2 protein chains.
Amino acid sequence: MRVAVFGTGTVGETLGRKLIEVGHDVMMGSRSASNEKALAWVKKAGSKASAGTFSDAAKYGQLIVNATLGTATIEVFKAAGADNTAGKPVIDISNPLDFSKGFPPSLFVSNTDSLAEQLQREFPKAHIVKALNTMTAAIMVNPRALSESHHTWICGADAGAKETVRGVLQSFGWKSEEIIDCGDLSASRAIESLLPMWLRLYGALKTPMFNLKIVK
Amino acid sequence: MRVAVFGTGTVGETLGRKLIEVGHDVMMGSRSASNEKALAWVKKAGSKASAGTFSDAAKYGQLIVNATLGTATIEVFKAAGADNTAGKPVIDISNPLDFSKGFPPSLFVSNTDSLAEQLQREFPKAHIVKALNTMTAAIMVNPRALSESHHTWICGADAGAKETVRGVLQSFGWKSEEIIDCGDLSASRAIESLLPMWLRLYGALKTPMFNLKIVK
């Protein structure tokens, strides 16, 4: 697949690298086609990597990975263009973190709404699937880095898009039974609300290398 | 210890029974000393069980367990009386669930505040410790009912109260390393925000008999 990765931070770089490793072609999107971080990533990532504007990347991608800051997400998708994301699955890893009042951050949307739903309302033709936003990037792409099995959650309205995302996660090493489908996109309210706990646990455990497992 | 349990629902009954089983004397508090559910519970629970008003129970208890509905919690503590809860550890199991718009419920306080903090502000001399609110009652008192080790979280301002609560949890079967101290009471914002995810997982897993484990 041709994949667009929005965002040049650690999450975007890590996901981009892994997507290439498992066989995809990746264009990293950013505000400018000459973004230095994107070009440096392309140089490292090799011949299957490229860089462009958000609009370039959205046009190119058959799948879109949103690895931008939550505060930037809606604007990034506006820059990408509604027509360029229409009909495409979007793996939405963003979190609505508000650092404006310091640490720990609060959420700028929560409880009765979510960032994923805001994005879906703005771009009704994109197939938003919330996924992977509740762990550090190194675990997203290498779940086997932890000592035992653990879980991740997806949600979204479009069954086909969820299947695509499930396939991508499995190609990263997630086992089918480790991927819990929490239903429609309103489950993003619950999934995004895990972030404050993730941050507290990060504080208590002194490492980001952990994830949650459901024990029955 | 003499323990006051506020609340006659499943959580209150289950905790009350377990507290007696591990050696404590328990008074179940409710609005009226002749509450039928409380009296029925006393009959079943035996000679170490008693019932009274919230005020009776608060006076009696050296430890208070808040197993009331989140919507009732502040009013219950007002009925119990600030003087009767002053200086005492409070295990706060309540959740700020708002069912007024149907299922799944939203939270009536979240993100930048929590029910535990509201309670602490109203009753500054009580030692509120958030604990056990993120699982079904049967697991609270019998963590070994699940197939493997899993985790629970506590937070609060008073170190002594947290130690008391930790001791109670260990008497229920929680191992020391399964009890994660998330810091001061503001961590309740994160812990209470797990409830929406608990409800989604309950929907996905079709059983309440699960809990979360941190995998490193």
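Can you list the residues, at least 5 places off or on another chain, whose amide H is less than 5 Å from the amide H of A:Lys88, using H built in the peptide plane?
A:His127
Using the Cα centre of the stretch B:2-205 as origin and beta-carbon charges of +1 (Lys, Arg) and -1 (Asp, Glu), tell me which of B:Ile180, B:Gly70, B:Gln118 is placed farthest towards the positive end of the dipole.
So the residue we want is B:Gly70.
Within a Cβ distance under 9 Å of B:Pro143, other residues only, what is the Lys/Arg minus Asp/Glu net charge?
The answer is +1.
Using only the alpha-carbon atoms, what does chain B span along each of its principal axes? Please give whole angstrom values in decreasing order.
Ordered largest first, chain B gives principal extents of 44, 37, 35 Å.
Two-decimal Rg/Rh of the protein assembly as shown from alpha-carbon positions, Kirkwood Rh?
Reported Rg/Rh, Kirkwood definition of Rh: 1.04.
Report, in deg cm²/dmol and to the nearest 500, the calculated mean residue ellipticity at 222 nm for chain B, where each DSSP H run with n ≥ 4 adds -39500 (n - 2.57) and the sum is divided by the residue count.
For chain B, the value works out to -10500 deg cm²/dmol.
Strictly greater than 23 Å: what percent of every Cα pair in the stretch A:108-216 meets that?
Looking at the stretch A:108-216, the distances longer than 23 Å represent 28 percent of pairs.
How much net charge surrounds B:Ala116 when only other residues with a Cβ under 12 Å from its Cβ are counted (Lys, Arg +1; Asp, Glu -1)? Walk me through the numbers before you get to the answer.
Details: positive: B:Arg121, B:Lys130, B:Arg189; negative: B:Asp92, B:Asp113, B:Glu117, B:Glu122, B:Asp184, B:Glu192.
Neighbour charge sum, excluding B:Ala116 itself: -3.
Give the distance, in whole Å, between the Cα centre of the stretch A:1-43 and the Cα centre of the stretch A:141-216.
22 Å
Suppose the chain between B:Lys44 and B:Phe103 were pulled fully straight at 0.36 nm per residue; how much longer would it get relative to their current alpha carbon spacing?
Extra length from B:Lys44 to B:Phe103 when fully extended: 17.9 nm.
Amide H of B:Ile180 versus every other amide H placed in the peptide plane: which residues, excluding those fewer than 5 positions away on the same chain, fall under 5 Å?
B:Thr152, B:Trp153, B:Ile154
Test of understanding: extend the Cα→C-beta vector of A:Ala157 to 7 Å, then name every residue of the stretch A:182-208 with backbone N under 11 Å from that spot.
Residues A:185-186 qualify, since their backbone N sits under 11 Å from the label point.
If you put +1 on each Lys and Arg Cβ and -1 on each Asp and Glu Cβ, how big is the dipole of the protein assembly as shown around its Cα centre, in Debye rounded to 20? Could the numbers behind the result be given before it?
Values: 48 positive and 40 negative charges, 122 e Å.
About 580 debye.
Using +1 on the beta carbon of Lys and Arg, -1 on that of Asp and Glu, and nothing else charged, what's the dipole of the stretch A:18-168 about the Cα centre, debye to 20?
320 debye
Across the residues of B:183-192, average count of Cβ atoms on other protein chains within 10 Å?
4
Please identify the trypsin sites (Lys or Arg not before Pro) of the stretch B:1-71 that satisfy two criteria: DSSP loop assignment and at most 11 other Cβ atoms within 10 Å. Which are they?
none
List every residue whose amide H lies under 5 Å from the amide H of A:Ser50, counting only residues 5 or more places away in sequence or on a different chain, with H placed 1.01 Å from N in the peptide plane.
Under 5 Å from the amide H of A:Ser50: A:Val26, A:Met27, A:Met28.
Any idea what the relative contact order of the stretch A:5-85 is, in percent, if you count C-alpha pairs under 8 Å spaced at least 6 apart?
35 percent
Quick one: compute the contact order of the stretch B:2-205, relative version, from alpha carbon pairs under 8 angstrom and 6+ residues apart, as a percent.
18 percent
Hey, got the average number of other protein chain Cβ atoms within 10 angstrom for residues in A:201-213?
4
Starting from the Cα of B:Val22, step 7 Å along the direction of its Cβ; do the same at B:Met1; then give the gap between the two resulting points in nm.
In this crude spin-label approximation the distance works out to 0.9 nm.
Give, as a single signed number, the net charge of other residues whose beta carbon lies under 12 Å from the beta carbon of A:Thr164, with Lys and Arg counted +1 and Asp and Glu -1.
+1
Bear in mind that the values in this text are calculations on the coordinates, not laboratory data. If you're wondering where the values come from, they're calculated on a predicted model, not measured in any experiment. Glycine gets a Cβ as well: all are built from the backbone with ideal geometry, and neighbour counts include every protein chain shown.
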